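Step one of this worksheet: look at the structure below.
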Amino acid sequence: MPGPVLHLGATVLCSHGGQAMPSAPNPRVLVGGQPVTTMAAPYLVAGCPFVPPGGNGPCVTAQWVVAATRVFVAGQPVVLLDSQAICTPTGTPLVPVVAQARVIGS
């Protein structure tokens, strides 16, 4: 589905409310003056409050598993507002909340 392209300034949270940021946004393509994110770069999660009884810890990183199918940057699919990612070690999803609205990808 078409959706807004995520960039460095987009708000992305883990399922528990921790702030997620791209580890390596692509500096060659800018949207709203900020670099876009691609499926290749994992996200780093900070401030996840989840403390499970099983002891696998809070969300630390996340990897995108579904991204754009028609828009690529440096050969990698860009991340869209409706893309899907899985956090480690919890296995829960990332939740993109706010993105720029001018550039739409599919």
* Asked: Quick check: is even one residue across segment 79-94 buried (at least 21 other Cβ atoms within 10 Å of the Cβ) and at pLDDT below 95?
  -> yes
* To do: Of all residues in segment 16-36, count the ones that are within 23 Å of Thr92 (Cβ to Cβ), surrounded by 15 or more Cβ atoms within 10 Å (Cβ to Cβ), among the small types (Gly, Ala, Ser) and more than 12 Å from the chain's Cα centre (by Cα).
  => 1
* Structure fact -> Given (1) in a loop (DSSP other than H, G, I, E, B); (2) within 14 Å of Ala20 (Cβ to Cβ); (3) in contact with a Gly (Cβ under 7 Å, 6 or more places away or on another chain), Asp82 misses just (2)
* To do: Name every residue in segment 50-79 that is aliphatic (A, V, I, L, M) and outside any strand (DSSP E or B), in order of residue number.
  => Val51, Val60, Ala67, Ala68, Val71, Ala74, Val79
* Of the conditions (1) under 16 Å from the mean Cα position of the chain (by Cα); (2) surrounded by fewer than 20 Cβ atoms within 10 Å (Cβ to Cβ), Arg102 clears all except one; give me its number. => (1)
* Please give the number of the condition Ala41 fails out of (1) open to solvent by 20 Å² or more (accessible area, probe 1.4 Å); (2) assigned to a loop (DSSP other than H, G, I, E, B); (3) of a type in the set (A, V, I, L, M). => (1)
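The values are calculated or read from the model by the stated rules, or taken from the named source; none is laboratory data. Since the model is a prediction, treat every value here as computed from it, not as a measurement. Ideal geometry is used to build each Cβ from the backbone, glycine not excepted, and the neighbour counts take in all protein chains shown. Only protein heavy atoms, including side chains, enter the accessible area calculation; ligands, DNA and RNA are left aside. Shrake-Rupley method; radii C 1.70, N 1.55, O 1.52, S 1.80 Å.
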